[in-house]
Amino acid sequence: MIDKNLREKVENQERLNFDEALELYRENDLLFLARAARRIKESKSGKKIFYIINRHINLTNICSSNCPLCAFQCRSGDNRGYTLELDDVEKILNDFGEIRNLSEIHIVSALHPEKNFNYYLDVIKLVKKKFPAVSINAFTPAEIFNFAQKENKTFAEILTALKSAGVETLPGGGAEIFSPRVREIICPKKLSGEQWLKIMRTAHKLGIKTNASMMFGHVETIEERIEHLIKIRELQDETGGFQAMMLFPFFPANTELGEKFNLRPVGAWENLKMLALSRIILDNFDHFKAFWVMMTLPVAQLALGFGADDLDGTIGEEKIIHAAGSGENKNISRETLSEIISEVGYIPAERNSFYEEKIL
Amino acid sequence: MEFEIFGRKKNYRRLKRGECLHIRSELEKIEQKILREERLTFDDGINLFDCKNLAWLGMLADEVRRKKCGDIVYYNVNCHVNLTNICSARCKFCAFGRDENSLGAYSMTTEQIINLIEDALKDPNMTGLHIVSGLHPTWKFENYLEIVKVIHEKFPNLYIKGFTGVEITHFAKISGRTVENILTELKNAGLQAIAGGGAEILSDRIRNLLCPKKATAAEWLNVARTAHKLGIKTNASMLYGHIETFAERIEHLIKLRELQDETGGFQTFIPFPFLPKNTALEKEIKQTSMWDDLRTMAISRLMLDNFDNIKAYWVMLTVPVAQVALNFGANDIDGTIHKENILHDAGATSPTNLAEDEIIKIIREIGRTPAACDCNFNILRLIK
């Protein structure tokens with residue numbers, strides 16, 4: 001049973017410390033967490049559930065970081081490798097032209113060993129030229145770190161250059177678990193947790209909003225998960241620059257890490273529990289994403305009862321449908337998302353990159 | 001004001017503001033009733049379906065489960081035997097049944113049945129069988145009886161649960177015997193429990209539309225009542241998420257609850273979400289959401305106050321959702337199955353069997369205690 005004082009603290013939406021958060025995890029009371037998380041969600045965003053019409057572009061999968069956690073990356077010379085040149089990007093953008101109410105283009109990629117920073121700037125400028133009204137959400141701190149090293153520039157200089165070229169917000173990826181012990185195993189060549197936080201702090205100070213994330217369900221301990229969440233909460237206290245939190249359950253298939261430690265995918269129960277617990281811990285976050293591409297749509301719908309208020313975007317579905325060889329009408333995804341939201345008694349709200357509701 | 005969403009047909013509705021306030025006060029009353037362990041009415045059931053707070057619903061069902069069943073989760077190490085998929089009923093919601101001589105039609109010989117069981121017995125923990133099949137147009141009751149006898153003689157240590165109320169009704173019709181006689185013969189041959197399938201929705205409106213050629217609601221209930229009087233325990237089920245209304249789901253649960261009051265012979269209740277793939281309803285009906293599955297699980301637990309057990313059937317729910325359902329009122333996760341056929345014909349995406357280790361892990365992960373049991377919920381091994 002959860003201790004009465006702790007129970008009251010959660011119900012009154014007071015801030016939890018490390019020990020209290022850990023105790024809540026260990027008590028294993030899924031539905032207590034869910035009820036509390038749902039109350040927090042409703043006090044932040046009422047009955048609204050957000051989604052965005054967006055598209056993803058992944059410029060390359062050739063990577064110098066080669067994290068054992070990743071199934072996407074490959075080394076230079078691998079026949080699975082691809083890199084989009086500016087012409088290729090332009091072709092993709094031409095296809096995006098037909099999408100009604102496109103709000104955001106999301107660009108994240110591997111750390112290409114040869115592409116220089118100008119290439120990325122040119123991509124951003126191209127997107128901005130084609131779609132001046134669409135927001136660009138691009139480059140995780142891992143990529144920003146890579147650019148800064150290559151160009152021998154400060155994070156602020158890189159971020160300022162990207163901002164002038166048209167980047168409006170940063171995605172939240174690359175955070176994984178901040179613990180150096182864990183990073184040594186899952187992503188030894190990637191930037192450190194401190195560096196990730198430093199880049200986000202710099203971005204927030206430059207007026208660039210970002211997201212935050214945690215990838216869990218691999219070799220980390222529960223203590224390391226909670227430490228991670230608390231570090232994010234501290235930075236949010238300082239800057240207020242995070243818009244949304246995302247949890248990434250680790251997908252072991254085709255990864256070196258999964259094979260080495262014989263890891264299994266995180267179950268729906270653990271997923272929902274972590275979501276609700278994180279929603280409770282991160283009291284200074286306005287939004288939580290149920291990233292349905294990873295959770296699957298039905299579990300993401302369940303997540304709406306466990307504290308999430310944002311279903312992310314329409315992109316993944318389109319990818320999946322196309323991979324399955326279907327030429328489905330793109331507008332179906334907006335309707336599908338709305339229907340999923342309405343079924344559970346919430347109100348669908350189409351948003352822009354800054355969580356402003358769009359009037360349709 | 002009333003919200004109309006895209007003007008499309010929905011199985012849910014937006015409530016008017018006044019209605020919302022009314023339902024909220026009703027739900028508060030229901031919560032008090034549940035905590036006082038009072039019986040819920042039909043109207044209470046309907047109001048629970050209007051409740052949008054899934055966690056609240058789950059918490060109440062979980063509380064009831066904790067009081068009634070404690071922390072044990074039951075499972076079987078078992079083997080499904082589907083004697084034939086040739087069926088004279090051809091219900092619209094079924095992807096398993098076939099006409100004789102059509103592609104994929106099969107019926108097992110005694111030798112094939114024995115081979116299947118022997119294969120399943122490679123697992124030394126395998127303790128029982130679940131036998132359900134199509135209504136074969138030419139087989140006689142004696143064929144089925146003989147199969148039970150042969151299995152029981154050859155494998156006297158295996159428990160045999162088999163035949164749904166629909167099959168028993170069919171046997172009575174083709175043989176001219178009474179249901180009581182059929183059940184007595186099967187019991188004497190070695191049958192220990194009756195399976196819960198075939199209840200679908202116990203409404204003749206639904207049955208005339210979807211499964212007019214098989215047992216009516218009254219016939220299904222009569223088999224259960226007769227079995228219980230003969231000391232044979234049975235299970236109960238509900239197939240939902242097709243053309244039924246929420247009111248029909250609640251009526252169905254109340255019919256089962258009334259019979260249970262009378263006989264006490266039902267062991268577990270299994271809510272089956274309808275899987276539309278490869279059925280005659282595929283184009284018209286979309287599969288239920290997990291939200292609806294968990295809600296229906298919880299409401300079943302709350303309405304069926306005289307049932308000891310509620311089953312999260314992982315084949316239909318998928319393993320991850322069945323695990324979550326254990327927090328929404330369920331205390332039974334079915335079995336290892338060996339090889340599931342019926343629902344995999346309807347596009348079930350779950351595996352066709354589940355290792356015992358996996359079942360134990362799923363139960364332990366959420367802090368509960370696994371217990372392998374026989375078809376009558378006697379604990380064979382408590383996994384500490």
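The values are calculated or read from the model by the stated rules, or taken from the named source; none is laboratory data. Only a predicted model underlies this, so the values are computations on that prediction, with no experimental measurement involved. We place every Cβ from the backbone using ideal geometry, glycine too, and count neighbours over all the protein chains shown. Protein only, heavy atoms only, side chains kept; ligands, DNA and RNA dropped before computing areas. Shrake-Rupley method; radii C 1.70, N 1.55, O 1.52, S 1.80 Å.
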For A:K47 paired with A:K129, estimate the spin-label separation in nm (one decimal), with each label point 7 Å from Cα along the Cα-to-Cβ line. 4.7
If you count, for every residue in B:49-57, the Cβ atoms of partner chains within 10 Å of its Cβ, what is the mean? 6
Across A:339-346, the residue-averaged tally of Cβ atoms belonging to other chains within 10 Å stands at 6
Subtracting the Cα-Cα distance from 0.36 nm times the residue separation, let me have the gained length for B:S88 to B:E180 in nm, one decimal. 30.8 nm
Relative packing of A:150-158, A:118-126, A:102-110, A:344-352, which averages over residues the other C-beta atoms within 10 Å, highest first: A:102-110, A:344-352, A:118-126, A:150-158
In a shell of Cβ-Cβ distance under 15 Å around B:A95, excluding B:A95 itself, what net charge do Lys and Arg (+1) and Asp and Glu (-1) give? -1
How large is the Rg to Rh ratio of the stretch A:15-140 when both quantities use alpha carbon positions and Rh follows Kirkwood? 1.13
Accessible area of A:H204, 1.4 Å probe, to the nearest 10 Å²? 20
C-alpha long axis of helix A:30-45 to longest principal axis of chain A, angle in °: 60
According to the Kirkwood expression over distinct Cα-Cα pairs, how big is the hydrodynamic radius of chain B, in Å? 21.4
Over the alpha carbons of the stretch A:25-90, what is the largest minus smallest coordinate on each principal axis, giving the biggest first in Å? 51, 34, 14
What are the extents of the Cα atoms of chain A along their three principal axes, listed from largest to smallest and rounded to whole Å? 61, 46, 40
Starting from the 7 Å offset along Cα-to-Cβ, what nm value, one decimal, do you get for the label separation of B:T138 and B:K213? 1.6
Residue-span extension gain [A:K358 to A:N12] - 0.36 nm each, minus C-alpha spacing: 121.3 nm
Rounded FRET efficiency, nearest 0.05, which uses the C-beta distance separating B:R381 from A:N5 and R0 of 35 Å: 0.30
Would you work out if the stretch B:202-246 is rounded, prolate or oblate? Take a ≥ b ≥ c from the square roots of the eigenvalues of the alpha-carbon gyration tensor; rounded if a/c is under 1.5, else prolate when a/b is larger than b/c, oblate otherwise. prolate
Solvent-accessible area buried by pairing A with B, both sides, nearest 100 square angstrom, 1.4 angstrom probe: 2700
GNM, chain B, Cα, under 10 Å: largest mean-square fluctuation among B:K286, B:K339, B:K233? B:K286
Applying 1/(1 + (r/R0)^6) with R0 = 56 Å to the Cβ-Cβ distance of A:N284 and B:R205, what FRET efficiency is obtained, to the nearest 0.05? 0.55
At 24 angstrom or more along the helix axis (alpha-carbon based) and mean Kyte-Doolittle of -1.0 or higher, what helices does chain B contain? Whole DSSP H runs only. B:17-35, B:246-263
Provide the three semi-axes, in whole Å and in decreasing order, of the ellipsoid equivalent to the stretch B:306-362 as defined by the square roots of 5 times the Cα gyration tensor eigenvalues. 19, 13, 11
Based on alpha-carbon centroids, what's the gap between the stretch A:168-225 and the stretch A:55-84 in Å, whole number please? 19
Here FRET efficiency (C-beta to C-beta, A:N79 to A:E335, R₀ 56 Å, nearest 0.05) is 0.90
I'd like to compare A:45-58, B:306-319, B:358-371: which one has the highest average count of other Cβ atoms within 10 Å, and what's the full order after that? B:306-319, A:45-58, B:358-371
Of the candidates B:A247, B:V223, B:I360, the farthest towards the positive dipole end of chain B (Lys/Arg Cβ +1, Asp/Glu Cβ -1, centred on the Cα centre) is B:A247
Can you tell me the order of B:320-329, A:246-255 when each peptide is scored by its average per-residue count of other Cβ atoms within 10 angstrom, highest first? B:320-329, A:246-255
Need one value for A:26-35: mean number of C-beta atoms belonging to other chains within 10 Å of its residues' C-beta atoms. 5
Return the sequence-ordered ³J(HN,Hα) values of the stretch A:54-71 in whole Hz as given by the Karplus equation 6.51 cos²θ - 1.76 cosθ + 1.60 applied to θ = phi - 60°, using x for Gly and Pro. 9, 9, 9, 10, 10, 5, 7, 10, 8, 9, 8, 8, 6, 5, x, 7, 10, 9
Can you classify the stretch B:76-197 as rounded, prolate or oblate using the Cα gyration tensor, where a ≥ b ≥ c are the square roots of its eigenvalues, rounded means a/c under 1.5, and otherwise it's prolate if a/b beats b/c and oblate if not? oblate
Treat each spin label as a single point 7 Å out from the Cα along the C-beta direction, and report the A:D237 to B:L35 distance in nm. 3.5
Counted charge near A:D3, where neighbours are those whose Cβ lies closer than 14 Å (Asp, Glu -1; Lys, Arg +1): -4
What net charge is computed for the residues neighbouring B:L202, neighbours being all others with C-beta under 11 Å from the C-beta of B:L202, Lys and Arg scored +1, Asp and Glu -1? -3
More than 19 Å apart: what percent of Cα pairs in the stretch B:192-289 qualify? 41
Which lysines does A:K115 reach when only Cα atoms under 17 Å apart count, and residues fewer than 8 places away in its own chain are ignored? A:K125, A:K150, A:K153
Only Lys, Arg (+1) and Asp, Glu (-1) charged, at Cβ; the protein assembly as shown dipole about Cα centre in debye: 660
What translational diffusion coefficient, in µm²/s and rounded to a whole number, does the Stokes-Einstein relation yield for the protein assembly as shown at 37 °C and a viscosity of 0.692 mPa s, taking the hydrodynamic radius as the Kirkwood radius over Cα pairs? 117
If I build a Gaussian network model for chain A, linking alpha-carbon pairs within less than 10 angstrom, which residue out of A:A303, A:A161, A:A244 has the largest mean-square fluctuation? A:A161
Gaussian network model of chain A, springs between alpha carbon atoms under 10 Å - residue of A:S76, A:S278, A:S179 with greatest fluctuation: A:S76
Taking N as the number of residues in the stretch A:162-318, what value does Rg over Cα atoms divided by 2.2 N^0.38 Å take? 1.02
Which percent of the accessible area of the protein assembly as shown is formed by carbon and sulfur heavy atoms (probe 1.4 angstrom)? 50
